[in-house]
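The values are calculated or read from the model by the stated rules, or taken from the named source; none is laboratory data. All figures in this text were calculated on a predicted structure; none of them were measured in a lab. Ideal geometry is used to build each Cβ from the backbone, glycine not excepted, and the neighbour counts take in all protein chains shown.
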Amino acid sequence: MNQEILDALLTSIEEREAVALISVTSAGGIYEGSTGAHALVWLDSERPPVGDLGLGELNANIIYDARRALSDREHRHLTYKTPAANVPAGSAPDSEVKVFVEVQVQPSKLIIVGAGHIAVPLAAIAATCDFEVTVLDDRPQYAHVARFPTAAQVIAGPFREELAALRTKIGFDKHTYIVLVTRGHQYDVDSLLEVLDDPFAYIGMIGSRRRIRAVFELLEQEQGIPTEKFDRICAPIGLDIGARTPAEIAVCIMAEIINVMRAGPARPMSEQLRIERQERRERVAAAAHSK
C-alpha cells in the first residue's frame, strides 16, 4: 500500500468518514500484475478514488460494487471474469480477478428527541455502544452540553423545525435511529408526524399500550394515515425486562435498538399492538370481500 492511500485511509478513520479499501487478491490474464494493488473509495460518487487497481475496464464495476458494500456496511469478497477479448493467446478464457472490499463505516446515529430523565442515561449508554448521539429538546435549560457530555451534538429548539433541519444537515437513512421521549405525549406525536415517512432504521416512541393504541387510532381517523405506517413504530418502546427507573428504561430501549440493528431474536413490547393492527386489517379486508 503506497503512502498516499495509507494517509487518506488514516485521515478518513480519524475523521470518522465511511471509506472502503479495495485490495486485489488475485488477478489472471492480462491483469496478472495487478495482484496486491489497492484503492480507496467513499460513498460520494463525485469524490474520485485514491489509488489505481490497474484493472482496465473492470475498474468501474469494482468501484461501483465497493460503494454498494460500503453503503451496506459489509466487507465483501468479489470475483470478476476477465473479459474474453482481453485474454492473451494461450491463457485460460475464464481467467478471474478477485478483490476484497474492507469497509470502515461511520458510527450509526441515534437522535434522542427529548432531554429529560430517560434521555440522560440513554445518551451515555448509546455513546458507549459507539453511536453518534444527537439530543434535541425545546428547553435550553435541559438541552445543553453539560447535561449530555457524551453527545456529538445537543440542540435546543422547536422539535419539528429542528428535526427538519437535521434531515438536511445529517440525512436520515437506514443507519439512523430515533427515540421520541419528550416531556409530553403531544410533542412525541408531533415529532412522529415529522419523521414518519423518513427511512429510519428504527423509530421508537414511549407510552403505555393503551395510550399508544389510542394515539394511532386517532391519527388514522383524523389525519387519514394508513394503519400500515404505524407497523414500523416501536411503541411501546423497548424490550420487556421489567424496567422501572430511568436508567433501566434506557437499557431496555438500547437493547431494542441493538436487537433491530443485529436482527436479534428478542420480541419487542410493540409486537402485541402490531399484531392487533394486522388482525384488524384482515377483518376489514374480509368484510369488504364478503360484500
Could you tell me how many of the residues in segment 270-291 are touching a helix residue (DSSP H, G or I) at 6+ places or on another chain (Cβ under 8 Å) and of a type in the set (A, V, I, L, M)? 1
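Yes/no per residue for (1) among the β-branched types (Val, Ile, Thr); (2) loosely packed, with under 15 Cβ neighbours inside 10 Å; (3) modelled with pLDDT of 85 or more:
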{"position": "Glu74", "(1), (2), (3)": "no, yes, yes"}
{"position": "His77", "(1), (2), (3)": "no, yes, yes"}
{"position": "Val97", "(1), (2), (3)": "yes, no, yes"}
{"position": "Val113", "(1), (2), (3)": "yes, no, yes"}
{"position": "Pro121", "(1), (2), (3)": "no, no, yes"}
Residue check for Tyr80: more than 25 Å from Phe131 (Cβ to Cβ), free of Cβ contacts under 8 Å to residues at least 40 places away in the same chain and assigned to a helix (DSSP H, G or I): no
Flag if Ile249 is within 20 Å of Thr128 (Cα to Cα), touching a strand residue (DSSP E or B) at 6+ places or on another chain (Cβ under 6 Å) and modelled with pLDDT of 95 or more: no
Can you name every residue in segment 238-261 that is of a type in the set (D, E, K, R) and touching a residue at least 12 places away in the same chain (Cβ under 8 Å)? Asp240, Glu256
Given the structure, is Asp137 surrounded by fewer than 22 Cβ atoms within 10 Å (Cβ to Cβ) and either in the same structural domain as Val260 (by TED's automatic domain parsing) or over 30 Å from Leu70 (Cβ atoms) (or both)? no
Have a look at Ile63, Ile30 and point out the one that is aliphatic (A, V, I, L, M), farther than 30 Å from Ala250 by Cα, modelled with pLDDT of 90 or more and surrounded by 14 or more Cβ atoms within 10 Å (Cβ to Cβ). Ile63
Selection within segment 162-188 - free of Cβ contacts under 8 Å to residues at least 40 places away in the same chain, more than 16 Å from Phe131 (Cα to Cα) and under 22 Å from the mean Cα position of the chain (by Cα): Glu162, Ala164, Ala165, Arg167, Thr168, Lys169
Being charged (D, E, K, R) and either touching a strand residue (DSSP E or B) at 6+ places or on another chain (Cβ under 8 Å) or part of a helix (DSSP H, G or I) (or both) is the filter; apply it to segment 17-46 and report the residue that is nearest to His75 (Cα to Cα). Glu17
Picked from segment 47-59 (must be of a type in the set (A, V, I, L, M) and assigned to a loop (DSSP other than H, G, I, E, B)), the residue farthest from Val105 (Cα to Cα) is Leu55
Segment 139-152 residues that are more than 11 Å from Val120 (Cα to Cα), paired with ones that are exposed (fewer than 14 other Cβ atoms within 10 Å of the Cβ) and β-branched (Val, Ile, Thr) (beta carbon under 8 Å, 6 or more apart): none
Ala143 within 23 Å of Gly184 (Cβ to Cβ), touching a strand residue (DSSP E or B) at 6+ places or on another chain (Cβ under 9 Å) and either modelled with pLDDT of 95 or more or not hydrophobic (A, V, I, L, M, F, W, C) (or both): yes
Among the acidic types (Asp, Glu), closer than 17 Å to Ile125 by Cα and not in a loop (DSSP other than H, G, I, E, B), is that true of Glu256? yes
